[in-house]
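In what follows, a structure is listed as structure tokens, so that the remarks can point back to it.
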């Protein structure tokens, strides 16, 4: 008894879009304890789609489809599935009514294109789509095989999943034994260095420990399949404690904790506030702080000082220092951090200035050279030189600058 | 003769990461004209991986693998492929040397874990990884089947693809007849409304026209397979012209044009500058402008006025207006836009203030209510009320606020 995810869409084969739907569904299946071993992407082509369904229906008992439910002629998922199982389509009047109502609410009229969205195979149940005009279906075409279809638009798919699919799957007995996992997250250490330190834990079988690397971050996932969360926690805790002791300050959080959340929590606990002065990140550091709902408790704002005139007029950076050291320098990073802290009256000031590339690098100041400034509540200011260059592109350099600035602030708050 | 992409990694099945690798490779295959009909994801499990390779090797002549080349025990891709084709592994001394050199350059020592990365099946060629320690391979285990492996780290994979895989595929004769495509991009109109307007074009066969929708944007892809780009352009131009005439101002750009690039280009052409005053977007609008290399020509910076004190002290928003109308209002959006334009001395000022949620909404000011302010070069200021709420989450509301602010500036620049 396992599930498979089949994503339909020529746009996925052409690389026009990133497939975030499959990640969402994968996570959800894992949390319900539904085993899931394969994901397949196929284009809007009935013959190849039928082949994929043939293979998957022999391996799995639940098939989740995304995409191909829209109003346009290349949307073929429903009719292809129906054909494969030799079942005629029938028009569902309640779908027509629902679509007409949605168009009317926006002051528009339903187009003829939308009519095909009301066709489902005989015997299928409507999987309602409250956020859009493309409903899905829940259908058992043969014994021991359940098909669920979702549109490709992520927000619509997610809501349909949560409101209808999850309750349905739970009613079928899923979600009783669950895969629990805890992800421990690290910064400032590489994957193989961390792996070498905790190598002895990779042989554990219950729970298991496995490493993952991504840009600027390493993770260790602890995983167990148990009947209750309490049992899982009892397995996780001693392993997690050992790992945290080994990693020290390089450990920053677990599961969905982002570095921005972790820093925000520390600021809130200390009843402190922060402001930002951004050059190379251009607003991205502020955007990262404010991703977190409720960040207005500790994040007051800042200055995007992309142009040197703004560095001088709003942050008090000295023109002679800009001339002598350049905008990308320890001195300017420090003046920016102190300037924004004073101007906005926050406890901390955090700044970024660097060369994000691809142009603008020199021999002494290559692309990827970034200075981060931190002004602390006592008015002391420090800066950190980072070299993110080498092989990295503009967006990675900016992203690493933002995350590293947050991580440096975290370390400062913890060990001042 | 077609290619398939097989991504190996339990982290993909667990939904820990988004699979951006497959999008990159899909786009690259399309541009080389290599047909590609299936993508499969499978976990770090040798039996299931072998099953996937069995199926794929019957359908395709090129198999591209990502993931499972790392130093840890769950990295099994190379040895599983070798086993399936009954070929022993052999240690490549040049890989050991390369890994040792890379560790030495960072002042570290190679760990024993890394030694397995030097094992390749007999007869395979090294696919060098200049950016990391996990090399891939190019291998023809049987006639008419080429296997290429890449690590899962996107930056390493991309560089290996560009530097070694593409030249290899071209040497095999690929890249002669190519699928050309042009993507036309629209804002301010829904998918079915646009589809209804250009319905007659969906029956074309050469080129073809197909619609795609994403958050806040609709796209039409025009596609043709020809021997030369000139032939493709001759097919595309009349269709694109007709569509643009139908869509008017809702058309904003094509292919990789982002709304930030399009606006930046207009500003540069007009020799005008812009600054931003951000509340609900918290820096994201500035980050969007500065995603573009060279944006310092027209983007000077701005003020992140997340806290009302910053709105008053740095942007001159009046405290009595904050009290009377609230921070989320036409009045405050206008004062913010005008304030930042004047403070920084730019031609245009652009502001955002709204309720991104999930908390903070009221009956009269629900989550998703956003005001965008635009101050023009003559000092005239306007604001636009947007309601992005309904079903959208915080990050979508912020993203739509940023894109819509840019799009409104685009329309103002074009029709003032």
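The values are calculated or read from the model by the stated rules, or taken from the named source; none is laboratory data. If you're wondering where the values come from, they're calculated on a predicted model, not measured in any experiment. Quick reminder, even Gly has a Cβ in these numbers, built from the backbone with ideal geometry, and neighbours come from all protein chains shown.
Some points to look at:
- Any hit, the stretch B:34-48, residues being over 30 Å from residue A:389 (Cβ atoms), facing another protein chain (nearest Cβ under 8 Å), in a helix (DSSP H, G or I) and without any contact (Cβ under 8 Å) to a residue 60 or more places away in the chain: yes
- Scope the stretch A:119-175; condition without any contact (Cβ under 8 Å) to a residue 60 or more places away in the chain and part of a loop (DSSP other than H, G, I, E, B); matching residues: A:122, A:123, A:124, A:128, A:129, A:130, A:131, A:132, A:143, A:153, A:172, A:173
- Selection within the stretch A:7-33 - in contact (Cβ under 8 Å) with a residue 40 or more places away in the chain, closer than 15 Å to residue A:150 by Cα and not in a helix (DSSP H, G or I): A:7, A:8, A:9
- Condition check for residue A:376: modelled with pLDDT of 95 or more and over 20 Å from residue B:287 (Cα atoms): yes
- In the stretch B:56-63, the count of residues that are within 22 Å of the chain's Cα centre (by Cα), surrounded by fewer than 21 Cβ atoms within 10 Å (Cβ to Cβ) and either in contact (Cβ under 8 Å) with a residue 60 or more places away in the chain or assigned to a helix (DSSP H, G or I) (or both) is zero.
- Every residue from the stretch B:49-68 that is within 12 Å of chain A (Cβ to nearest Cβ), at negative phi and in contact with a helix residue (DSSP H, G or I) (Cβ under 9 Å, 6 or more places away or on another chain): B:49, B:51, B:54, B:55, B:59
- Counted residues, the stretch A:18-33 - those being touching a helix residue (DSSP H, G or I) at 6+ places or on another chain (Cβ under 8 Å), more than 7 Å from every other protein chain (Cβ to nearest Cβ) and modelled with pLDDT under 95: 2
- In the stretch B:351-364 there is at least one residue that is touching a residue at least 60 places away in the same chain (Cβ under 8 Å), outside any strand (DSSP E or B) and within 14 Å of another protein chain (Cβ to nearest Cβ).
- Count - residues of the stretch A:234-255 that are touching a residue at least 40 places away in the same chain (Cβ under 8 Å) and touching a strand residue (DSSP E or B) at 6+ places or on another chain (Cβ under 8 Å): 11
- So residue A:161, is it modelled with pLDDT under 90 and closer than 30 Å to residue A:59 by Cβ: no
Here's the yes/no breakdown for (1) more than 27 Å from residue B:153 (Cα to Cα); (2) buried (at least 20 other Cβ atoms within 10 Å of the Cβ); (3) assigned by TED's automatic domain parsing to the domain that holds residue A:326:
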residue	(1), (2), (3)
A:362	yes, no, yes
A:371	no, yes, yes
A:377	yes, no, yes
A:382	yes, no, yes
A:387	no, no, yes
A:401	no, yes, yes
A:406	no, yes, yes
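- Qualifying residue in the stretch A:72-90 (condition: within 14 Å of chain B (Cβ to nearest Cβ), part of a helix (DSSP H, G or I) and more than 25 Å from residue B:212 (Cα to Cα)): no
- Enumeration of residues in the stretch A:128-143 that are farther than 17 Å from residue B:392 by Cα and either surrounded by fewer than 22 Cβ atoms within 10 Å (Cβ to Cβ) or not assigned by TED's automatic domain parsing to the domain that holds residue A:89 (or both): A:128, A:138, A:140, A:141, A:142, A:143
- Identity of the residue in the stretch B:392-406, over 17 Å from residue B:360 (Cβ atoms) and within 11 Å of another protein chain (Cβ to nearest Cβ), that ends up modelled with the lowest pLDDT: B:399
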